[in-house]
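Quick notes on the structure that follows.
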Amino acid sequence: MAIRERLSGNEAIAVAMKQINPDVVAAFPITPSTEIPQYFSQFVSNGAVQTEFVPVESEHSAMSACIGAQAAGGRTMTATSANGLALMWEMLYIASSSRLPVTLACVNRALSGPLNIHNDHSDSMGARDSGWIQLYSENNQEAYDNFIQAVRIGEHKDVVLPVMVCQDGFITSHAVENLDLLEDEKVKAFVGEYNPEHYLLNTKEQIAVGPLDLPNYFFEHRRQQAQAMMNAKQVILDVAKEFEKVTGRKYDLFEEYKLSDAEIAIVIINSTAGTAKTVVDELREKGIKAGLLKIRVFRPFPQEEMVAALKHVKALAVMDKAEAFSGVGGPLFADVKAALYGVADGIKVINYIYGLGGRDVKADNIELVYNELQNIVKTGQIGETYRYVGVRE
Amino acid sequence: MAYNLKEVMEKPERLSGGHRMCAGCGAPPAVRGILRALKPEDHAVIGSATGCLEVSTFIYPYTAWKDSFIHTAFENAGATVSGAEAAYVAMKRKGKIDDTYKFIAFGGDGGTYDIGLQSLSGAMERGHDMVYVCYDNEAYMNTGIQRSSSTPKYSDTTTSPQGSVLPGKQQYKKDLTAVMAAHNIPYVAQTTLTSNFKDLYEKSEKAIYKKGPAFLNVLAPCPRGWRYETPDLMNICKLAMDTCIWPIFEVEEGVWKLNYKPKKKLHVSEYLEPQGRFKHLFKKGNEHLIEEIQKDVDKKWEDLLRKCGETI
Ligand SMILES: Cc1ncc(C[n+]2csc(CCOP(=O)(O)OP(=O)(O)O)c2C)c(N)n1
Ligand code: SF4
Ligand SMILES: [Mg+2]
């Protein structure tokens, strides 16, 4: 029997960590993810886990210690946000290229500056090329479920990559919601033992990690890393199937909401999908064929699947909660448009930047987006593709 | 057990030859000397910061390290090895490991005095059972002899070049060993290569086998950056000790102890003169610069004698 609980998104992650009982957690406080190491260190103090908690002096050291610990043969986790993730930057790339399946809870917050503690996706979007698998979560339940699945995905022998599980700072991290937890034994059975193929503390062989890798090998190593990311897609689906068997909860690369017959649709990430779904419902009641695609897996990018799910749509708005300062649109927009190019050219695709630095995203804002899409369908005129919603200009 | 050079030298090397460090470099003998203090039956995880040592000993697909080894970046050998140690503690607790492992991190002066100071300080403060060794060659050698906060005053480096107005680096060397002693960890020591390697061996043994964090600062001359004759390595080390420019001491459980007092304290010029990095100090008219160095060394030496309870 599942356990009914009321938890914040941060507590849900901390509880998942406790149930996984990793070897090492190394973390440093930063709003809004601070509660995760706080809850976890309490579990350590109460003897609820056998984990070694390393209260490092910075996020750079948090990721460095995670890398050292995971390379040593331990299952390792951390949590961070915004500037903390930025301070880890160098080490994010080293974790993935060293093929170390560290699990990171990213509680999304606007990256400075100016300093702002509220939610947008500029932190994890900036890390999208770092070689980490990225899973996004609409609500606390998804954050919890994704975190447990992340361990299995990253450690899978065809993958062996680190995984970042993202959720929206404050909006879900601090909001208490009902959710279903798995029993401890079920989590334990689901994640299993961590048995890496090679590790520093293996008495049967010595290994060396992190070489100087010159032009005669570096390229091949990058190629293998790229392959691992491609392999991750199938593994994510397989792990989701297994997870469904245990929990009854279904996960995919993305969620389609009233999309199969939609004429207008948006692509969106994390908690705003919840708001957008209510807008879709209202529009549907008026007979407007609106739909939504919510990204769960952003890296690897589910290109073919997304094209198949969107190709019948007439007008599409890609919603970016991050600026990329390319001058032509946000990061998600660039990827979605590239995916559609040449295979679904009939779709009129626009981009909206929304909610930066914690600006409230209301149903009105989303409605405006769908209205614009209706106009585009009606007039056949796409107009400006790079747009902002909810900003004073 | 009394130190026996022959016996110690007969132990199998844990850093094998064939690595690509320069002939006459102080780092490899320092590393080998330290690793000899490991009991043969004990395993080790060795970490290194980016720098000459790392890029010359682990070039894919070859490694000179006989023990498990990890390098991740320049500024984080302390944190990286502390993570490996944390995994060991957890895995022991869970019954996944029986054997004994020791944890040793190496960093150059750049990776230790400068960019890696925070990571080192954190690892020591947290009390991980590990040794951090700085092989101090007093500049960023791997990137071409740039100054660090360990570079001595008036050294000619590529970012503190001596010129018509400035006679090399303008700042004194940071006293990192004292900084580490102020962490109040169980063991901190400063040493270099001595003729029988006894001091290095004994300090390494203490550092490795004393429970908790330990820090060793080992002066490891670099013939390229210091511009001395390659075969002179051991002599340069001896002059560093005999001029009291690099005193040999340890701080064990908070107690400062001098391990070497030269019979006759030599003038600093004896150490400076054979090194090209100080050549400009010997031009006519620069005598006062050498005297300034002498005064500084004298003052610091007296301070140290006082800390160690020695007569001045
Ligand atoms: C973050 C970062 N900055 C700069 C570098 C370039 N870099 C690599 S090694 C090095 C100098 C190393 O100096 P030191 O630690 O004294 O070791 P040495 O080479 O002298 O033995 C520098 C500047 C780097 N690898 N990473
Ligand atoms: S440049 Fe200096 S420190 Fe680097 S390997 Fe050569 S002698 Fe050693
Ligand atoms: Mg150096």
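The values are calculated or read from the model by the stated rules, or taken from the named source; none is laboratory data. Please read these numbers as outputs of a predicted model, since none were measured by experiment. When we count neighbours, we look across all protein chains shown, and the Cβ atoms used for this are built from the backbone with ideal geometry, even at glycine. The protein model used for the area step is the full one, side chains on, heavy atoms only, and it has no ligands, DNA or RNA in it. Shrake-Rupley method; radii C 1.70, N 1.55, O 1.52, S 1.80 Å.
Across every direction, the projection of the convex hull enclosing the Cα atoms of chain A has a mean area of 20.3 nm². Taking only protein heavy atoms and a 1.4 Å probe, the accessible area of segment A:92-143 is 53% carbon and sulfur. Between A and B, buried accessible area from a 1.4 angstrom probe totals roughly 3300 Å², ignoring ligands, DNA and RNA. The simple spin-label model puts a point 7 Å past each Cα toward its Cβ; for A:Ser326 and B:Tyr172 those points are separated by 5.5 nm.
Shown for segment A:32-78: residues covered by the partner protein chains by 50 Å² or more of accessible area relative to the chain by itself (probe radius 1.4 Å), namely A:Gln50, A:Glu52, A:Glu57.
Distant-in-sequence amide contacts of B:Val133, defined by a placed amide H-H separation under 5 Å and a gap of 5 or more residues or a different chain, comprise B:Ala105, B:Phe106, B:Gly107, B:Leu216. Stokes-Einstein, applied to the Kirkwood radius of chain B over Cα pairs at a viscosity of 1.567 mPa s and 4 °C, places its translational diffusion at 65 µm² s⁻¹. Plainly put, the protein assembly as shown has a radius of gyration that is 1.06 times its Kirkwood radius, both from alpha-carbon atoms, as the Rg/Rh ratio.
The share of Cα pairs per 5 Å bin across segment A:254-388, counted from zero up to the longest distance, runs 2, 11, 23, 26, 23, 12, 3, 0 percent. Note on A:Ala308/A:Ala338: beta-carbon distance plugged into 1/(1 + (r/R0)^6) with R0 of 22 Å gives a FRET efficiency of 0.90. Count Lys and Arg as plus one, Asp and Glu as minus one, and take only other residues whose Cβ is under 14 Å from that of B:Lys174; the net charge is then -1. If a/c stays under 1.5 just call it rounded; otherwise compare a/b with b/c (prolate if a/b is bigger, oblate if not). Do that for segment A:1-152, with a ≥ b ≥ c from the square roots of the Cα gyration tensor eigenvalues. Rounded is the answer for segment A:1-152, as its axis ratio a/c remains below 1.5. Based on Cα atoms of segment B:103-246, Rg over Rh with Rh as the Kirkwood radius reads 0.98. Across peptide A:196-209, the average count of Cβ atoms from other chains found within 10 Å of a residue's Cβ is 6. The C-alpha radius of gyration of segment A:327-393, expressed as a fraction of 2.2 N^0.38 Å, stands at 1.18. Working value for segment A:1-76: equivalent-ellipsoid semi-axes of 22, 15, 10 Å, each the square root of 5 times a Cα gyration tensor eigenvalue, largest first.
Pairs of Lys residues in segment A:3-247 that lie 8 or more places apart, or on two chains, and have C-alpha atoms under 26 angstrom apart add up to 19. Set the Förster radius R0 to 25 Å, insert the Cβ-Cβ distance between A:Gln227 and A:Lys250 as r into 1/(1 + (r/R0)^6), and round the FRET efficiency to 0.05. The value I calculate is 0.35. Each residue of segment A:286-293 is assigned a 3J(HN,Hα), and the resulting list reads 7, x, 8, 7, 9, x, 8, 10 Hz, derived from the Karplus form 6.51 cos²θ - 1.76 cosθ + 1.60 (θ = phi - 60°), x at Gly and Pro. Legend: calculated FRET efficiency, B:Tyr3 to B:Asn184, from the Cβ-Cβ distance at R0 = 25 Å, rounded to 0.05, equals 0.35.
Within the shell defined by Cβ-Cβ distances under 13 Å, the residues around A:Gly287 carry a net charge of -1, with Lys and Arg each +1 and Asp and Glu each -1. Taking the square roots of five times each eigenvalue of the Cα gyration tensor of segment B:174-250, the equivalent ellipsoid has semi-axes of 25, 14, 10 Å, listed largest first. Near the amide H of A:Lys314, under 5 Å away, which other amide H atoms are found, from residues 5 or more places off or on another chain, if H is placed in the peptide plane? Distant-sequence amide H within range of A:Lys314: A:Ile264. Placing +1 on each Lys and Arg Cβ and -1 on each Asp and Glu Cβ, with no other charges, gives chain A a dipole about its Cα centre of roughly 580 debye.
Please identify the DSSP H helices in chain A that span no less than 18 Å along the helix axis (Cα) and have a mean Kyte-Doolittle hydropathy of -1.0 or more. Helices meeting the span and hydropathy rule in chain A are A:59-72, A:82-97, A:140-155, A:218-247, A:272-285, A:363-379.
What the protein assembly as shown shows is 40 Å² of accessible area per residue, with the surface traced by a 1.4 Å probe over protein heavy atoms.
Between A:Val54 and A:Val25, A:Ala26, A:Ala27, the built amide H atoms are under 5 Å apart, and every one of these is 5 or more places off in sequence or on another chain. Taking 0.36 nm per residue of separation and subtracting the current Cα-Cα distance, fully stretching the chain between B:Ser195 and B:Tyr209 would add 2.7 nm. Rounded to the nearest 20, the Cβ-based charge dipole of the protein assembly as shown about its Cα centre (Lys and Arg +1, Asp and Glu -1) stands at 1220 debye. Rolling a 1.4 Å probe over the protein heavy atoms of chain B, with every protein chain left in place, gives an accessible area that is 54 percent carbon and sulfur. Only aspartates and glutamates eight or more places from A:Lys314 in sequence, or on another chain, were considered; those with a Cα closer than 13 Å are A:Asp261, A:Glu263, A:Asp345, A:Glu372. Charge tally around A:Gln381: other residues with Cβ under 15 Å, Lys/Arg +1 each, Asp/Glu -1 each, net +2. Here the simple spin-label model places points 7 Å from the Cα toward Cβ, and for B:Lys263 and A:Ser112 these points are separated by 5.9 nm. For chain B, hydrophobic long helices are taken as DSSP H runs at least 20 Å long by C-alpha position along their axis with mean Kyte-Doolittle hydropathy of 0.0 or more; these are B:77-93. Excluding same-chain neighbours fewer than eight residues apart, the lysines reachable from A:Lys311 by a Cα-Cα span under 17 Å are A:Lys258, A:Lys289, A:Lys294, A:Lys337, A:Lys348.
Summing Cβ point charges (Lys, Arg +1; Asp, Glu -1) relative to the Cα centre of chain B gives a dipole of roughly 60 debye. Couplings for segment A:248-253, taken from phi via the Karplus curve 6.51 cos²θ - 1.76 cosθ + 1.60 with θ = phi - 60°, read x, 8, 9, 10, 9, 6 Hz in order; Gly and Pro are left as x.
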